[in-house]
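Visitor: Got a structure here, written out as C-alpha cells. Questions coming.
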Amino acid sequence: MSALSTRRVAAVTMAGLVTGAATLVAAPAALAAPAPLPTPVLSDTTVVPGQPFTVTFTGCTPDPVGSLPDADGSTPFIWYEVSDGQVGVADATLPDGSVTFEESFAPGTAPGEYTIDGVCDHLYRVQLYPTVTVTVAEPAATPPSQPTGPDKADEAKAKAKAFVLAKGKALAEAKGLTKEDAQAKAKAVANVLAKAKAKAKAKAKG
C-alpha cells in the first residue's frame, strides 16, 4: 500500500473515531433535555369569588438515576402561585406525577384575569409548567326578596268562615237567640258546608 493510501486510511479512521466520540458526547446531552410539561387543567376557566375550582398538574415524575448528573430517582414535588398572592404546595405526587389542588378566590376579589404558574421541583433542578389563566367574573346580583303574603287557599277559607259566622249570627238575631246559640248555629252551618264540599269532591273523583 502506498504512503498516500496509508494516510487516507488513517484520516478516515480518525474521522470515524471523532464522529463516534461526538455521538457519545451528544447522547447524555440529549437525555439532559426533559420533555416540556403539559399545560395544567382547570375545572373552570371562569369563576366568581367564593366558587371552588380545581387545577391539575401532571407529568412531574422522578428523574431516573443516572439520567442527569444529580438525579437520584427521588419523587419531586409541585408548587404553584396565583397572581393574587395565593400559594399551594404538594409534598408528594401520584405515581403518574400528577396532583390536583382545590382553589377559590376570596369574596371581594376584583373581577379580572388571574394567572397560575406551576413548578415541578426536583430540588437539584426545577421545570416550569405553562401558565394558565382564570377569569374572575362579577357575582350575579341577588334579586330583592318578595314579601310573603297569606296563602290564597287560607285566605279563601278565612273568608268563607267569616261569611258562615256572620250568616249564623244574623239568623240568631232574627230568631232572638243568645250569643252562645248563635255561635253553635254558625258552627253547625259550617259543618254542614264542610260535609257538602267533601261529598262533592268525592263524587267528582268517582
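Visitor: Using a Förster distance of 22 Å, how high is the FRET efficiency between ASP121 and PHE53, based on the Cβ-Cβ distance and rounded to 0.05? Working shown, then result.
Guide: Numbers: r = 23 Å, r/R0 = 1.06.
Efficiency computed from Cβ-Cβ geometry: 0.40.
Visitor: Here's a follow-up. Which value in Å is the Kirkwood Rh of segment 54-149 over different Cα pairs?
Guide: After inverting the pairwise mean of 1/r, the radius is 15.8 Å.
Visitor: Would you kindly state how much longer the chain becomes between ASP91 and ALA198 on full extension, computed as 0.36 nm times their sequence separation minus their alpha carbon distance, in nm to one decimal?
Guide: Additional length available on full extension: 31.4 nm.
Just so you know, all these numbers are worked out from the coordinates, no wet-lab data involved. Source: prediction; values computed, not measured. Heads up, the Cβs are rebuilt from the backbone with ideal geometry, glycines too, and the neighbour counts pull from every protein chain shown.
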